[in-house]
Every structure is written in C-alpha cells, then in structure tokens.
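Taking it in order: structure first as structure tokens, then the write-up.
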Amino acid sequence: MFVDVAVGFPIDGFFTYSTDDHTIRKGMRVVVDFNNRNTTAYVVRVHDNAPDFDVKPVIKVLDTQPIFDDRLLSLAQFVSNHYVCYFGEAIGTALPSGKSYNVRTKPFTFGDSPKEVTLTAEQEHIYTAILNQPERAHCIYGITGSGKTEVYIALARTMIQEGKSVLYLVPEISLSSQMFERLKAVFGHTLVMYHSGMNPNERLVSWKRFYTGEALIAVGTRSAIFMQAPNPGLIIIDEEHDSSYKENSTPRYHARTVAWYRHRQEGALLVLGSATPSLETLYAIQRNRIVQHQLHKRFGNALLPQLEIVPVKASNARTIFSNSLLFSIKKAIEAKQQVILLLNRRGFAPVMLCQDCGTPVQCPHCSISLTHHKQKLLCHYCHYEAVVPERCSNCGSKNLVMLGSGTQRVEEVLQKMFPGVRLIRLDQDSARRKNFLPNVVNDMIEGNIDILLGTQMVAKGFDFPNVSLVGVILADIGLMLPDFRAVERTFALLVQVAGRSGRGDVAGKVIVQTINPDNPIFKYLKNHDYMGFCSKELSIRKALQYPPYIRLARCVVRGAKEDIVASVAKQCRDILQELSPQFPDITILGPSQAPLYKIASQYRYHIVLKSNNVEALSGILAQCKKRVNLQGTYLEIDIDPLDLL
C-alpha cells in the first residue's frame, strides 16, 4: 500500500511512501524520512498504485483517526494561491504540530446549569436579523461597551442547539483567556481554547475535540481560523479591525480573508464585530457585500465617558502629566476606582542622542535608534543590547541626553508621585513573563490594581467595570509614521482605549494629551464620531487611490549584502514589467529602500503593486517568484499588507 503526503516545508507537490499499515487513512499524520530527516507529513491519498521509482517506508503513524479532510486541503490551496506561498507552508501553518494526545487538562469548575444571556430590544433585533440572512456576511458596529458579546453568545447558543459548531476569534491571547472564562459559564464542556500560548500537544487535543464534534465552540486567536468541524455553523471575528489578525510571516494570511473564504465555501455564517470597524469592512458594507447592524447604546446603565483634549508642549520633556491628568488620577484613586494609562512606547526613553551634533545612538544591525531601558539600550526589532555609552560615536562629546518617555520611565515617575499605589506596567517586556497577562486581567477584575499603565495592549477589548479614568499620555505617537494607515490605526487605538472607561456603574472620564490639539481627529474623538472620521478618511483614500479603493501587494527583498539586495529587487521589477501585459491594470512602484531599510543586519528593498484585481496581483507575483534568481537573498510576498514599513 502507498500513501501520498504533503510536508510543511516551502515546497509544492506531494510525495509517495510505502506502508504495511492498513489503518492509515486520508487525513492522518505520519512520520517519514524526508531529505534524511524525520518529518511530520500529512496523508492526502491512500492507494495501491506502485510508482516507477523506489520509495521509502512510513516510519510512524501519529493518529488513530483522521484530523482533517478535503475541506482543509482546499483551504490550504486557497491560502497558497492567494498569498503566493507553497502548499506545504499553508498546510503546515493550518495544522497543529503536537505529537501526543496525552495532555492533562484542568477540570471545569462550574455547575451543570448554563448561564442565561438576556438581550436588550436592540440586541434582540440584531440577533434576529442576522439569523434571517445566514447566506450574508454581517458586521455588528457598536460603541465600546454596547454588548456585542451578548449577541455573539446568543448566536452561538442557537447554532449549538442546531448541532452546529462555532469558531470565536479574538485578537489577543489575553482576550481569549478572558473570553474563555466568560463563555465557559455558558457553554461548559462543549468549549475549547486554541492559541499559540498553549503547548503543541494541548493545541492538538483542542483541534481533535473540535474536529470530531466533541467540542462545539472554539475560542482562539488568528490561527484558530483553520480549525475544522463536522458541521460548521458560525464564525465570529471580534475586534475585526485589529492588526493581530494578520500574520507577519509566510504565509502572510489575514484571518478575516480566510474566514470570508470559509463562509462562501463551507456555508458558515460570518459575523464581524468592532467599535472601530476597519475601512475595508466599511467599504464592503457600502458595496453591499456585508450587512451592517448598529448598537447605539452602552449595555446596562453605562454611559459613554466624558472626553477632554489637553494640549501639552513637546519642548517640555520633563512634563509627562498635565495638571488635569494628575488631578484626575488622584481623585480616582481616592475614590477607590481604577485608572488605565496609555503610552504606546516601550522602554525608559525612546531616543538617546548627542546634544552637540544631534547624532542618535543607533542599532548597528538596524536603521533605527536604540531605546533606553534603564540600565541598557535595546533594539525593539533585532533585540540587540548595549551598555549606555559615555561618549557620542560621531563627535566624541559626553553631552548625551535622553528624549521622550517610555512606559518604564512613566512607571518610575508614577511610583514617586503616588507612593503605595498598586501600579502594574503592561507592555511586551513585562508580558513575556509566564502567566503575567492572565494574572493582570484577574487582578484588574478583582480590584487588586489601582493603575494599569501600558502600551496598546491595554486598549484591547477588556471589560473592567471599575475603571473610571483613562489617560492617554501622548496621543500623537504613531500619527507621523510613513504609512497611509497611520491615522486610521491611531484613531482606532484612541477610541478603543477610551472605551475602557465607565463600563460599569461608575461614570467614566478620558483625558487625551496631545502636542497638536488642532489635528482634526481630536474633534471626531471628542464627539465620539467614529463614522464621521471614517467618512473623511475614506474620501482621502479614494483621492489617493489607496485601500480599500485599490488592492495592494508588496514584495520585499532582504539580505546581508546591500548591493545584491538592490540588484535582485531590480531584477524583480524587470520581471514584473515584462509580465505586466498579461496582467493589465497593475501599477508597479519601485524598487526603493524600505522605510525600515535595515533590520537584524538584513538590508531591505521593496516593490509595491497596485491593482483593482487581487487575483492579478497574486498571479503576477507567483510567476515572478518562479523566475527570479534570488542569489542568496530572501523574497517576502505580502498580499494586502497592513503596513509598508
């Protein structure tokens, strides 16, 4: 007997092995000798057709039952074609890598009676409207705290009662843990979790329980979009605007796009939700590809927070907090309420430079400045570390200064201003510690934290009812990035973090500090006018022919030698121009140095392509990929990139 298998490597095609094990079936995993290396492979065909070449035997069978079927093979092929990657990379990304099903799971601690969810009239109307149009994709646009989750739960309960499965996606692991606990009280043992924070064997067990129908609802992050079920009924993508749904390595898929494919191919109802829907989703609503439903009021008795814009001077680096923000922090703490402070910048100070010649202290491996982290300098891209220098590398001056403030410095200042206050810093540095995130979430809910200070992580969809004050220390961070999505991303972040305030019985307040209070986005922010902002931003995008009115693709050539990188990028451009008559209406821009032209000692040149036809973009790049001589460089291809840095 013979099996054809796929392997999770950057390679297309299937490979044939022999076996005497007649229990092997399509959809199971086996271990094979691939290129003199024991490799997990995925069985796509079982047959008796002996090939006309010598074949190696299957070494080991990993599964007793199939864990995927033709639907996953079709999905992997779609990802391969759309995102211009190898089939092996697509299927290797989709399937869990665990080897053993022997995982000790924690017992559930709830009773047998599921918790009931009562909908408001507004929520009930949306719930009914969605169920009445299962063939359409839907988006629930609701202000922060409006109760989108209650609608999701009601929809999920209906699907499960019909014997169908539910995929519930959230952007962050911390949110998936919080949502898991909330849904556990409703759905009990029918629920599993799936995200990268679990070990491979735990993910494998969750995958199998969902695939066999033992579990009917899966809560997870981006990678959970590939989970298979006997009868898929509903896909929920909460906080659909979040950039975490886009993968940053090959295959560079977007979970929302994969969900859309599964909605069309497998018939699952697709529901997106956000207080700040992406411009792509709003454009799809305008074109009647998605049905919009709106929640206008906050859930319960909660009201939208009062919002104050406070000007601060960029020249006064010593002033981190305005008097208004300091007074409000003090008042909230005295009232035993909680405070969230956002500064979207890690470290102690973002830039260290020479006052005499203006030269910043830069990473030797990247084209960016090092960030000061108290006792050391750190690169946030390649993780290079250095001691704080005594002299300028350019002119030898000892007159080195630190400009700006990061979360570590703000933490230090707060500890001096409010001694004894229970303060926690939440950023990528602190979140690396095991169980740090879940512990922070629990401590916030239980009232064991007075001030939560952090980067954009604190703006995610957390629900902390006792937060009465949100302070944005510098709202301008991110606005000046050389990227067309910078304004949209910053505005969504501000709306989301503002929405953490006043979600319970306590009235909420938001103080936004800015060096440019005349920027039009602050008028929209103060008026809680997200749709007004989007209307203006869409008109700008349309005039400039940027997404969502056009589709983008980007290829980045990177390597250790800049001259070779530049040469290969030029070769890519020449191939693309030669192919362009076969793919009309594609605009080719570049090559040029990427804005971040050096990361981890790798030089980066990029080419940007624009077209109304995304299939044409995938097609021309697939042909270019086959023809280009990379000369030891690496080619990254990104369809619908979220940034051009």
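Filter the stretch 34-73 down to the residues that are in a loop (DSSP other than H, G, I, E, B) and of a type in the set (Ser, Thr, Tyr) and list them by number.
Initial filter on the stretch 34-73 (in a loop (DSSP other than H, G, I, E, B)): 34-37, 48-56, 58-59, 62-69.
Hit for the stretch 34-73 is Thr64, nothing else.
For the stretch 311-327, enumerate the residues that are modelled with pLDDT under 75 and either touching a strand residue (DSSP E or B) at 6+ places or on another chain (Cβ under 9 Å) or at positive phi (or both). First the steps, then the outcome.
Keep residues of the stretch 311-327 that are modelled with pLDDT under 75, which gives 314-319.
Ala317, the sole residue that qualifies.
Among what's in the stretch 328-350 and is in a loop (DSSP other than H, G, I, E, B) and polar (S, T, N, Q), pick the residue that is modelled with the lowest pLDDT.
Among those residues, the one meeting the criterion is Asn344.
Would you check if there is a residue in the stretch 74-88 being in a loop (DSSP other than H, G, I, E, B), more than 31 Å from the chain's Cα centre (by Cα) and not aliphatic (A, V, I, L, M)?
no
Are any residues in the stretch 67-88 of a type outside the set (A, V, I, L, M, F, W, C) and open to solvent by 30 Å² or more (accessible area, probe 1.4 Å), and if so, which ones?
Asp69, Asp70, Arg71, Ser74, Gln77, Asn81, Tyr86
For Arg391, indicate whether it is of a type in the set (D, E, K, R), more than 28 Å from Asp450 (Cβ to Cβ) and either surrounded by fewer than 19 Cβ atoms within 10 Å (Cβ to Cβ) or modelled with pLDDT of 80 or more (or both).
Criteria met by Arg391.
Which residues, taken from the stretch 416-446, are part of a loop (DSSP other than H, G, I, E, B) and surrounded by 13 or more Cβ atoms within 10 Å (Cβ to Cβ)?
Answer for the stretch 416-446, where residues must be part of a loop (DSSP other than H, G, I, E, B) and surrounded by 13 or more Cβ atoms within 10 Å (Cβ to Cβ): Phe418, Val421, Arg422, Asp427.
Select, from Ile285, Ile237, the only residue that is β-branched (Val, Ile, Thr) and part of a strand (DSSP E or B).
Ile237
Have a look at Arg264, Arg256, Arg287, Arg298 and point out the one that is touching a residue at least 40 places away in the same chain (Cβ under 8 Å) and on the phi < 0 side of the Ramachandran plot.
None of the others qualify; the one that does is Arg298.
Tally time: how many residues in the stretch 164-182 are modelled with pLDDT of 95 or more and more than 17 Å from Glu240 (Cβ to Cβ)?
2
Among the listed residues Thr23, Thr93, identify the single one that is part of a helix (DSSP H, G or I) and of a type in the set (S, T, N, Q).
Thr93
Do you know which of the residues in the stretch 122-181 that are part of a loop (DSSP other than H, G, I, E, B) and of a type in the set (A, V, I, L, M, F, W, C) is surrounded by the most Cβ atoms within 10 Å (Cβ to Cβ)? Lay out the reasoning, then the answer.
Taking the stretch 122-181 first, the residues part of a loop (DSSP other than H, G, I, E, B) are 132-136, 143-147, 162-164, 170-172.
Narrowing further to those that are of a type in the set (A, V, I, L, M, F, W, C): 143, 170.
Working: Ile143: 20, Val170: 27.
Out of the qualifying residues, it is Val170.
Please determine whether any residue of the stretch 625-634 is free of Cβ contacts under 8 Å to residues at least 12 places away in the same chain, polar (S, T, N, Q) and on the phi < 0 side of the Ramachandran plot.
The answer is no, given that none of the residues of the stretch 625-634 is free of Cβ contacts under 8 Å to residues at least 12 places away in the same chain, polar (S, T, N, Q) and on the phi < 0 side of the Ramachandran plot.
Could you name every one of the strands (runs of 3 or more DSSP E) located completely within the stretch 550-630 that has at least 1 residues being open to solvent by 60 Å² or more (accessible area, probe 1.4 Å) and closer than 18 Å to Thr250 by Cα?
Ranges flagged: 551-559.
Report every pair of residues separated by at least 6 positions or lying on different chains whose Cβ atoms are under 7 Å apart, first residue within the stretch 491-510 and free of Cβ contacts under 8 Å to residues at least 60 places away in the same chain and buried (at least 24 other Cβ atoms within 10 Å of the Cβ), second of a type outside the set (Lys, Arg) and in a loop (DSSP other than H, G, I, E, B).
Short answer, once both residue conditions are applied: Leu494/Ala475.
Can you spot a residue in the stretch 184-201 that is modelled with pLDDT under 95, open to solvent by 10 Å² or more (accessible area, probe 1.4 Å) and among the basic types (Lys, Arg)?
Yes: one or more hits.
The values are calculated or read from the model by the stated rules, or taken from the named source; none is laboratory data. Keep in mind that what you see is a predicted model, and the values were worked out from it rather than measured. Positions of Cβ are backbone-derived with ideal geometry, glycine not excepted, and every protein chain shown enters the neighbour counts. Side chains included, ligands, DNA and RNA excluded: accessible areas come from the protein's heavy atoms. Shrake-Rupley method; radii C 1.70, N 1.55, O 1.52, S 1.80 Å.
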